[in-house]
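Report on the structure given below.
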Amino acid sequence: MPTTGFDRRLLVGGEWIETGEWIDVVSPYSGEAVGRVPSAGAAETTRALDAAQSALASPLPAHERASILAAISGLLAGRSEEAARLISAEAGKPMKAARIEAERAASTYVFASVEARKLTGETVPMDASAAGSGKLAFTLRRPVGIVAAISPFNFPLNLVAHKLAPALAAGCPVVLKPASATPLSAIFLAELAEEAGLPPGWLSVLAGPAGEIGDVLVADERVALITFTGSGPVGWDLAARASRKRVRLELGNATPVIVDDGVEIVETATKLAANSFSFAGQSCISVQRIYVLESSYDAFAHALVQATEALRVGDPGLEDTDVGPVIRQSERDRVLDWIRESGGSILTGAELTVDGVLRPTVIARPAREAKVECDEVFGPVVTVSPVASIDEAIERANATRYGLQAGIFTPRIKTALRAAERLEFGGVVVNEAPTFRADQMPYGGVKGSGNTKEGPAWAVREMTEERLVVLAL
Ligand code: NAP
């Protein structure tokens, strides 16, 4: 049943429901309500899990799962403009970036559809030991069970896709809890999934108090795996409390980039400015810290400021806006505090536009212990610091508890490979901003940034388990 319009419903156990309580979804730019969704709690979560349990008992064959995933992709591609407008309205994401997210989400379902058709195990060379001789053995890949998916506000369509699509490819029903700020995109996806033929129970979407819903998902033994994308404290706490489940975490970063001598300075600075401030820096791999060799530092910092000041700041619904608001006023004010405490010099930004949007901010030479240097800013701020050598740059890039993605711009292949080996991150991007992600890539962090890789091929491995079959010959 379609739920378009201002008031939406939640898909729980195959039915579109209301609960009598509502959550207002508010534009981060104007502060006006852009929709309302029912607020669900423990009872609806248990109902969703009951339905997921029934779905698990009637498995869908791989070819049907693959067809449904391909159909979701097709429907999404056909309605990508509508999806982009929804993302922009609820997340405050500029339309340019929202369109890219909608296109990427469609591709995520395609990649998952392919994975559904090639779920295989391995044969085991049994005669490699005397003990195994006379036996044949192989593994089957089985769905791990019910997947609970918890997603953040910043990519409300594609990060839901990175959980739902591989889970369905693996044969796992999903109970999804999107961020309270951005539930509309997830509900839109649930509509498309239903239209694509996903049977009842395979997907439920619960908006509501995170602690209450989360507690049920942690405590209920039927949940086999929790896939969480969001902030570190919430993620690690879930992992600690759900110690008998697989808890897969995609968390934050304080993304560093190293700029070697000999690169094209204006081109590199322009690219890094775009990737520091796209979606107001609210990507887990927004460029946050730039380390530039001393000999290029002044020219680079100048070009970075010029490129930053050329970005258009304001209403995310306008076609030419590059940088919109951060998700909440309280977050904007926190980012301003971090800027004030940075100990560096402000080269541009650190002020609000007339409509209250924080301007992209470049800070030169912040204190090494400043939050903007060590923690995840998740706002429109980038720091730029001179370094004496690539070794020093690598040491500073690694001086964080995070390890999701890092980048280096260099014309020297040996420098690139050395950095790739020594940067303690899940991914190292050479001669491209480390904000780069294509949806088929293995994507995930080390250290405080998480404990898994997403990208359908990798996520499907996480969401399946191998069952060994041994035959006596
Ligand atoms: P968040 O505050 O941690 O929220 C993420 C999700 O967790 C939301 O759905 C939230 O629900 C839910 N949640 C909060 N408390 C919970 C609890 N006690 N039990 C269960 N669920 C709970 O993060 P965010 O502000 O939305 O997102 C920003 C963070 O996500 C940043 O740190 C960013 O780096 C990270 N991120 C990582 C990746 C990656 O792939 N590595 C991608 C994107 C974002 P409510 O909204 O209802 O509170």
Which listed residue is open to solvent by 50 Å² or more (accessible area, probe 1.4 Å) and at pLDDT 95 or above, from T227, T270: T270
Please find, within segment 233-249, the residue that is nearest to L159 (Cα to Cα) out of those that are within 9 Å of the ligand (Cβ to nearest atom) and open to solvent by less than 20 Å² (accessible area, probe 1.4 Å). L249
Checking E331 against (1) within 22 Å of the chain's Cα centre (by Cα); (2) buried (at least 18 other Cβ atoms within 10 Å of the Cβ), only one condition comes out false. Which one? (2)
Inside segment 452-473, can you point out the residues that are assigned to a loop (DSSP other than H, G, I, E, B) and surrounded by fewer than 19 Cβ atoms within 10 Å (Cβ to Cβ)? L473
So K96 fits all but one of (1) out of contact with any strand residue (DSSP E or B) (no Cβ under 7 Å at 6 or more places or on another chain); (2) farther than 26 Å from P166 by Cα; (3) without any contact (Cβ under 8 Å) to a residue 40 or more places away in the chain; what number is the exception? (3)
Could you check I363 against (1) surrounded by fewer than 18 Cβ atoms within 10 Å (Cβ to Cβ); (2) in a strand (DSSP E or B); (3) in contact with a Gly (Cβ under 6 Å, 6 or more places away or on another chain); (4) not polar (S, T, N, Q) and say which number it fails? (1)
When restricted to V144, V174, the only residue crowded, with 24+ Cβ neighbours inside 10 Å and of a type in the set (A, V, I, L, M) is V174
Yes or no: F111 part of a helix (DSSP H, G or I) and among the aromatic types (F, W, Y)? yes
Filter segment 176-208 for residues that are in contact with a Ser or Thr (Cβ under 7 Å, 6 or more places away or on another chain) and part of a loop (DSSP other than H, G, I, E, B); which is nearest to the ligand (Cβ to nearest atom)? A179
Please go through segment 195-215 and give me each residue that is buried (at least 21 other Cβ atoms within 10 Å of the Cβ) and more than 21 Å from the chain's Cα centre (by Cα), ordered by number. L198, G201, W202
Collect the residues in segment 2-42 that are under 24 Å from P200 (Cα atoms) and not in a loop (DSSP other than H, G, I, E, B), keeping them in residue-number order. D7, L10, L11, V12, E15, W16, I17, W22, R36, V37, P38, A42
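The values are calculated or read from the model by the stated rules, or taken from the named source; none is laboratory data. In this text the structure is predicted, and so the values were computed from the model without any measurement. Glycine also receives a Cβ, built like all others from the backbone with ideal geometry; neighbour counts cover every protein chain displayed. These accessible areas exclude ligands, DNA and RNA; they are computed on the full protein's heavy atoms, side chains included. Shrake-Rupley method; radii C 1.70, N 1.55, O 1.52, S 1.80 Å.
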